[in-house]
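Before any comments, here is the structure.
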Amino acid sequence: MKATRLLSALTVLIASALNAQAADLLSQQCVSCHAISKPADTSLERMLGRGGPDLYYAGNKFNKAWLQAWLQNPTVLRPGGVMYAKTVKAGADRTVDTIDASKVPAHPKLSAADAAVAADLLMALKVDGLVTPGAFKNEPPNSMAPMLFSKLRGCTSCHTAKQGGSATSGPELYSAGDRLQPDFVYAFTKDPQKFDAHTWMPTLGLTDSDLQKITGHIATLKTSEKK
Ligand code: HEC
Ligand code: HEC
């Protein structure tokens with residue numbers, strides 16, 4: 001009884017907020033590459049075979065303004081593509097990896113109207129228990145933070161933190177302050193396997209103090225203010 005009433009209330013809410021066509025946008029144009037609900041199959045094969053990153057917790061991860069802008073004008077986030085192993089060519093001297101850019105396809109571009117609809121729909125995709133709201137305490141900037149990030153905890157061996165940088169195995173983080181919610185950065189850095197058991201990002205066992213400093217530093221990495 002209660003559940004049916006809740007369901008019909010939700011249906012009315014959704015129907016009034018979005019017209020039917022808009023609600024279909026993700027399922028028509030995006031699900032071929034992205035999971036927009038938690039996949040039942042959590043195997044390594046599923047992760048290796050997927051066409052793009054999972055979006056079923058997009059509302060816990062992204063800043064809406066970034067989503068809306070990026071969907072209209074997508075930039076490369078993962079220089080090695082969504083599955084690094086498929087695009088990397090070992091460097092001639094075996095120390096530098098190069099990426100076969102022809103294997104990193106351009107992302108579909110949305111019109112301004114579709115991007116606004118998609119950003120709303122994506123922000124509504126949330127999962128309980130992945131990201132703890134308020135985990136990032138937003139303490140004053142700490143002078144050790146950049147050093148922890150780039151040297152001591154080695155994030156920049158996989159993540160490029162400056163435009164034009166060379167780390168290719170992880171997503172770029174130079175726009176992370178625009179793109180990502182700090183509570184997500186905290187949660188993901190603390191325990192990447194919580195998001196995907198097969199993720200290639202190592203669990204680094206950082207203390208809460210280090211996580212706070214590193215998250216605070218990543219929140220300052222933006223491209224939007226430098227234009
Ligand atoms: C042909 C496959 C394909 C289709 C179709 C597609 N995407 Fe993507 N998407 C990708 C890939 C690959 C990436 C990773 C790009 C990168 O990291 O540079 C991506 C990245 C994203 C990201 C950033 C995700 C992250 O974790 O960084 C968002 C948001 C996104 N796509 C939304 C959409 C939406 C909305 C649609 C439908 C309108 C869509 N995509 C359609 C392949 C696709
Ligand atoms: C050995 C390489 C490696 C190291 C070292 C590493 N990462 Fe990652 N990181 C990755 C990969 C690969 C991903 C993409 C994971 C996925 O999609 O499952 C990732 C994803 C992330 C994400 C999510 C970004 C997004 O847009 O989806 C954050 C935040 C992050 N890493 C932060 C860090 C921080 C902070 C450090 C240092 C404390 C660090 N990483 C160290 C490889 C690494």
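The values are calculated or read from the model by the stated rules, or taken from the named source; none is laboratory data. None of the values given here were measured: they were computed from a predicted structure. Backbone-built Cβ (ideal geometry, glycine too); neighbour counts: all protein chains shown. The accessibility values were calculated without ligands, DNA or RNA, using every heavy atom of the protein model including side chains. Shrake-Rupley method; radii C 1.70, N 1.55, O 1.52, S 1.80 Å.
Selection of the stretch 203-217 for residues being among the polar types (S, T, N, Q) and either part of a helix (DSSP H, G or I) or in contact (Cβ under 8 Å) with a residue 12 or more places away in the chain (or both) yields Thr203, Ser209, Gln212, Thr215.
Once the stretch 25-61 is narrowed to residues that are assigned to a helix (DSSP H, G or I) and in contact with a Phe, Trp or Tyr (Cβ under 8 Å, 6 or more places away or on another chain), the residue that is nearest to ligand 1 (Cβ to nearest atom) is Lys61.
A single entry from Ser32, Ser16 fulfils the requirement of being surrounded by fewer than 12 Cβ atoms within 10 Å (Cβ to Cβ) and at pLDDT 90 or above: Ser32.
Of all the criteria given as (1) part of a helix (DSSP H, G or I); (2) more than 11 Å from ligand 2 (Cβ to nearest atom); (3) touching a Phe, Trp or Tyr at 6+ places or on another chain (Cβ under 7 Å), the one not satisfied by Gln163 is (1).
When you look at Leu221, is it in contact (Cβ under 8 Å) with a residue 12 or more places away in the chain, touching a helix residue (DSSP H, G or I) at 6+ places or on another chain (Cβ under 9 Å) and more than 10 Å from ligand 2 (Cβ to nearest atom), yes or no?
yes
Counting only residues that are touching a helix residue (DSSP H, G or I) at 6+ places or on another chain (Cβ under 7 Å), over 13 Å from Thr215 (Cα atoms) and assigned to a loop (DSSP other than H, G, I, E, B), which one in the stretch 131-160 is nearest to ligand 2 (Cβ to nearest atom)? Across the stretch 131-160, the extreme among qualifying residues is Val131.
Of the residues that make up the stretch 121-136, is at least one touching a Gly at 6+ places or on another chain (Cβ under 9 Å), away from ligand 1 (no atom under 16 Å from the Cβ), free of Cβ contacts under 8 Å to residues at least 60 places away in the same chain and of a type in the set (Ser, Thr, Tyr)?
Of all residues in the stretch 121-136, those touching a Gly at 6+ places or on another chain (Cβ under 9 Å) come to 122-127, 136.
Narrowing the set further to residues that are away from ligand 1 (no atom under 16 Å from the Cβ) leaves 136.
Filter once more, keeping what is free of Cβ contacts under 8 Å to residues at least 60 places away in the same chain: none.
No, there is no match, as no residue in the stretch 121-136 is touching a Gly at 6+ places or on another chain (Cβ under 9 Å), away from ligand 1 (no atom under 16 Å from the Cβ), free of Cβ contacts under 8 Å to residues at least 60 places away in the same chain and of a type in the set (Ser, Thr, Tyr).
Evaluation of Thr189 against the conditions (1) in a loop (DSSP other than H, G, I, E, B); (2) among the β-branched types (Val, Ile, Thr); (3) open to solvent by less than 60 Å² (accessible area, probe 1.4 Å) shows that the sole unmet condition is (1). Can you confirm whether Ala106 is surrounded by fewer than 13 Cβ atoms within 10 Å (Cβ to Cβ) and closer than 27 Å to Gln29 by Cβ? Yes.
So is Ala65 among the hydrophobic types (A, V, I, L, M, F, W, C), away from ligand 1 (no atom under 11 Å from the Cβ) and modelled with pLDDT of 85 or more or not? So Ala65 passes the test. Summed over the stretch 50-73, the residues that are away from ligand 2 (no atom under 11 Å from the Cβ), within 14 Å of Val31 (Cβ to Cβ) and open to solvent by 30 Å² or more (accessible area, probe 1.4 Å) give a count of 1. Within the stretch 165-175, is even one residue modelled with pLDDT of 95 or more, surrounded by fewer than 15 Cβ atoms within 10 Å (Cβ to Cβ) and closer than 28 Å to Ala35 by Cα? Within the stretch 165-175 (the criterion being modelled with pLDDT of 95 or more, surrounded by fewer than 15 Cβ atoms within 10 Å (Cβ to Cβ) and closer than 28 Å to Ala35 by Cα), the answer is no, since none of the residues qualifies.
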